[in-house]
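This report concerns only the one structure given below.
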Amino acid sequence: MPTDQFKTSLLSFALLFCTLSVSMLSFATGDMAKFTEADKQFLKQFSLQSLPPLPAAPDNSVADNLQAAKLGQKLFFDPRLSANGAIACSTCHQPQLYFTDGLALSQALGTTRRSAPSVLGAAWSPWLFWDGRKDSLWSQALGPLESSDEHGISRVQLVKKIALHYPEQYQQVFGSLPPQHFFKNLPAIGSPQGDASSRANWRALSADEREDVNRIFSNVGKALMAYQRRLKLPPARFDTFVSDLFASGGDSEVLNLDEIAGMRLFMGRANCASCHNGPWFTNHEFHNIGAPERNRNQVDLGRFEGVATLVKDEFTCLSQWSDAGPEDCAEMRFLKRQGQELVGAFKTPTLRNIGATAPYMQAGQYANLEEVLSHYNLPKPPFYDPKQHPNRPHFDILPLRLEQKEIEQIIAFLNTLTSPLPLHDQWWQQP
Amino acid sequence: MALLLALALALTTIISPSGSNAAARASTDTEPAQPPTAAAEATRILQNATALLDTANQTQSRSRQSILDANKTRRQLKKLQAKKRRTNDSAVRQVLSEQTTVLTTRLKQEQQQGAELRIESTRLRQRAKKLLEQGIYQKWRSWINSREPLVMDDSRSLFMAHNTRIRSVHPNMPTLEANTATAPADGSSMSLQIPTLKAQNAPPDLNIDSFQLSREQNYFAHIEVHTTTSDRAAETVPLNKIHQWRLLLTDMDGAAVSGAKIEIAGHMPGHVHGLPTQPVVNREIEPGVYLVEGVKFQMKGWWVMKFHITPEKKLTAENAISNPGSTATTAFPYLDTVTFNLVL
């Protein structure tokens, strides 16, 4: 008479056998589209319906203020906030392209070093930019404004424009602006960043003047952040598929068999979900996948540079411009500053709308998803130059060795992550 | 022999904590036997533990000596064999052969003795560690909520490892398939095949206790998740969230080690990466109980956490003066490291 223990081992053997047979035999057409309760729970973690609420933003007291968001929206689309009057945030973050620009390297006043990432989902990330050199969305927004290749406008110019074009909206959210003569007395340009004359002008200002300028400047970032926190994505076909799995009891025709096969590979053998996970399909971490260097004479050190810039940044959560106390800045306080894995590592991008946001990688090295998948299928290790790299770059991926058909299936799945453009959503429109 | 006897004695006292000694004392005392106070009990356990640890260390050095002897014998043996090959004189060969047989037997004995002693010393050390844990628990009960290994909050499914120990793509490197066990993540009826890189799993006999002895045996330490609530569920390690730990640090007598400078390094042995944050120890909640801030794990799996400890010299000197009875090893501790293995 079999004991309970024996029964258990018999059962587990049977289970093991099932597992083995599943992995050894390819799916019969019917099984491919069948999902168990455990599968559904697993897939649900990737669905927009599992999206957690926006993370608290103690460093920005107006992060969820509607008036601030409305001001931020105006600023986001306003080309007057640039040196030539033609560049707005929306120049490189275009709503109809899911807030990207479709270019390898972005074109504004000059050409940027990296590709403009989408701002969708940025509010959930602890680090901003490809190298994470900013720790909040409000601080991030300040970078492109002063960058000579982007808006090219110094903070002194910017605050004058705010006083000129947005005095009421600004004061409604942030309280009173300094009197008119304060702005009249400011030099034409001035910033601790920028060229020699801009820096000299900045040094010539009194400490109080610098503080007033920096306050308005950082508030501009906070309004832009409040706006970007309003951007929502409607469900993509993948999300509808997951909901349908729950509604229908385990199978759904929202995705076709190739897309489902691609999804199984994505979650399984192709290993994509190890970093591209959660509702935004990213772990918000930094990895080196060995994408080719755009310029081998000036390698991109990625997170290694990002950390070095971040610790010197004037506008972090720990700075005087943050509304948070130091105890609310855990990510900054316990920032990892060293580690060979930082070299050449870039933030895992979201895969939401990936099919509609080519080209790919931090500098648009790959024009289409076929090129991306062919890199993952048989990657070359990262370029290493001992003269430029502090250590041999870490390498985070293994060759997938997938068949051409399987690659096509993964791409088919990736295309199910594209949401319909919510062009009627007020936040997706130019105000 | 004397060693084994001592060992047997030590074990007897361990097995019967209120055993023969107490009974003997009770029978001679005129007053009825009093149950030992918790503190006295802890002290007694810790004394046993340190004695056992000493025995373990001695056994280990004997093991080391045996292995060194074996190495020496092996060199002699090699020389003999070389000599044997060179000579054509059969009489000399005969003598050399006999010597070789003797040496071979000796080599085997020495190797076996070395191995046996090593196993024995490991067993003794583990036993001593368990006793230390017991003693420290008696002494520090108010700060020890859990004696179990740290576990991760399992409300989310496992996302597998994102990278590997291999640093370059080489034609003969293992393929993902070969290195991948595709299994249901939760052992249930999942048809999705979620990869787990087998080679990155912790060895089955890994010691994942939350109590550990420092490398140089100056300190005994315990870690647990620090919560301000009384919610036991909150004492698991969260995934991808900055949280706090408590590090309890004592000397071998169970006394608080206060004012130490503690640096933390962590990594995943299966991957070539460290922690996503830099945890720090900035303050003590009370002497010997350190608050570890900024701990975060971005994935499940095998993690190693090392605490590098530099005692505050001044305090150490004072301790030595006020505690003249403390043993030589704990009077002047120096830079030392406590390592914890975690399988989250």
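Those residues that are assigned to a loop (DSSP other than H, G, I, E, B), more than 12 Å from chain B (Cβ to nearest Cβ) and in contact (Cβ under 8 Å) with a residue 60 or more places away in the chain, I need them from the stretch A:384-419; list them, please.
Narrowing the stretch A:384-419 to residues assigned to a loop (DSSP other than H, G, I, E, B): A:384-403, A:418-419.
Filter again for more than 12 Å from chain B (Cβ to nearest Cβ), leaving A:385-390, A:403, A:418-419.
A:Asp385, A:Gln388, A:His389, A:Pro390, A:Thr418, A:Ser419, listed by residue number.
Out of B:Leu117, B:Leu103, B:Leu107, I need the residue that is out of contact with any strand residue (DSSP E or B) (no Cβ under 7 Å at 6 or more places or on another chain), under 30 Å from B:Leu213 (Cα atoms) and part of a helix (DSSP H, G or I). Which one?
From the options B:Leu117, B:Leu103, B:Leu107, the qualifying one is B:Leu117.
From the list A:Asn271, A:Asn297, A:Asn283, exactly one residue is in contact (Cβ under 8 Å) with a residue 12 or more places away in the chain, polar (S, T, N, Q) and on the phi < 0 side of the Ramachandran plot. Which is it? Talk me through it step by step, then tell me what you get.
Details: A:Asn271 fails: on the phi < 0 side of the Ramachandran plot; A:Asn297 fails: in contact (Cβ under 8 Å) with a residue 12 or more places away in the chain.
The match here is A:Asn283.
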* Asked: Which of (1) touching a residue at least 60 places away in the same chain (Cβ under 8 Å); (2) of a type in the set (Gly, Ala, Ser); (3) more than 12 Å from chain B (Cβ to nearest Cβ) does A:Ala308 not meet, given it meets every other one?
  -> (1)
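In this structure, is A:Gln362 away from every other protein chain (no Cβ under 14 Å) and not in a helix (DSSP H, G or I)? Explain how you work it out, then say what you get.
On the way: away from every other protein chain (no Cβ under 14 Å): yes; not in a helix (DSSP H, G or I): yes.
Yes, satisfied.
Go through the stretch A:1-117 and tell me which helices (runs of 4 or more DSSP H), entirely inside it, have 3 or more residues that are within 14 Å of another protein chain (Cβ to nearest Cβ) and either within 30 Å of B:Asn240 (Cβ to Cβ) or modelled with pLDDT under 95 (or both). Walk me through it before giving the result.
Values: elements: A:4-24, A:29-32, A:37-44, A:66-76, A:89-92.
Counting at least 3 such residues, we get A:4-24, A:29-32, A:37-44.
When the residues of the stretch A:270-288 are filtered to those that are in contact with a Ser or Thr (Cβ under 7 Å, 6 or more places away or on another chain) and within 9 Å of chain B (Cβ to nearest Cβ), which remaining residue is farthest from A:Val242 (Cα to Cα)? Reasoning before the result, please.
Our first condition is that a residue be in contact with a Ser or Thr (Cβ under 7 Å, 6 or more places away or on another chain); within the stretch A:270-288, this holds for A:275-276, A:279-285, A:287.
Among the residues that remain, those that are also within 9 Å of chain B (Cβ to nearest Cβ) are: A:275, A:283-285, A:287.
Values: A:Cys275: 20, A:Asn283: 20, A:His284: 23, A:Glu285: 25, A:His287: 28 Å.
If we take residues in the stretch A:270-288 being in contact with a Ser or Thr (Cβ under 7 Å, 6 or more places away or on another chain) and within 9 Å of chain B (Cβ to nearest Cβ), then A:His287 is farthest from A:Val242 (Cα to Cα).
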* Hey, among the residues in the stretch A:127-169 that are among the basic types (Lys, Arg) and closer than 30 Å to A:Arg337 by Cβ, which one's surrounded by the most Cβ atoms within 10 Å (Cβ to Cβ)? -> A:Arg155
* Structure fact -> A:Pro359 fails exactly one of (1) over 20 Å from A:Ala270 (Cα atoms); (2) out of contact with any Phe, Trp or Tyr (no Cβ under 7 Å at 6 or more places or on another chain); (3) buried (at least 16 other Cβ atoms within 10 Å of the Cβ); (4) modelled with pLDDT of 95 or more, namely (2)
* Return yes or no: is A:Trp124 among the aromatic types (Phe, Trp, Tyr) and surrounded by fewer than 22 Cβ atoms within 10 Å (Cβ to Cβ)? => yes
* Could you pull out every one of the helices (runs of 4 or more DSSP H) wholly within the stretch A:228-342 that has 1 or more residues that are surrounded by 20 or more Cβ atoms within 10 Å (Cβ to Cβ) and either of a type in the set (Ser, Thr, Tyr) or more than 21 Å from the chain's Cα centre (by Cα) (or both)? => A:237-248, A:257-267
* Asked: From the set of residues in the stretch A:370-383 that are buried (at least 19 other Cβ atoms within 10 Å of the Cβ) and without any contact (Cβ under 8 Å) to a residue 60 or more places away in the chain, which is farthest from the other protein chains (Cβ to nearest Cβ)?
  -> A:Val372
* To do: Can you confirm whether the stretch B:263-271 contains a residue that is part of a loop (DSSP other than H, G, I, E, B), within 17 Å of B:Met152 (Cα to Cα) and either more than 9 Å from chain A (Cβ to nearest Cβ) or not hydroxyl-bearing (Ser, Thr, Tyr) (or both)?
  => no
* **Selection status of A:Arg333, within 14 Å of chain B (Cβ to nearest Cβ), in contact (Cβ under 8 Å) with a residue 12 or more places away in the chain and among the basic types (Lys, Arg)** => yes
* Structure fact -> Log entry, pairs with first residue in the stretch B:293-314 being more than 14 Å from every other protein chain (Cβ to nearest Cβ) and over 18 Å from B:Ser210 (Cβ atoms), second being part of a helix (DSSP H, G or I) and at pLDDT below 95, beta carbons closer than 9 Å, six or more apart or on different chains, reads B:Pro311/B:Asn319
* Asked: Which ranges mark the helices (runs of 4 or more DSSP H) fully within the stretch A:126-227 that have 3 or more residues being under 19 Å from A:Ser319 (Cβ atoms)?
  -> A:137-146, A:155-165
* Given (1) surrounded by 21 or more Cβ atoms within 10 Å (Cβ to Cβ); (2) closer than 15 Å to B:Ile309 by Cα, index of the condition B:Val281 fails -> (1)
* To do: Determine which single condition B:Glu133 fails, assuming it passes every other condition in (1) without any contact (Cβ under 8 Å) to a residue 12 or more places away in the chain; (2) closer than 30 Å to B:His226 by Cβ; (3) of a type outside the set (Lys, Arg).
  => (1)
* What are the residues in the stretch A:312-328 that are at pLDDT below 95 and within 13 Å of another protein chain (Cβ to nearest Cβ), if any? -> A:Pro326, A:Glu327, A:Asp328
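The values are calculated or read from the model by the stated rules, or taken from the named source; none is laboratory data. Small disclaimer: the values here were computed from a predicted structure and weren't measured. Don't worry about glycine lacking a Cβ; one is built from the backbone with ideal geometry, like all the others, and counts go over all protein chains shown.
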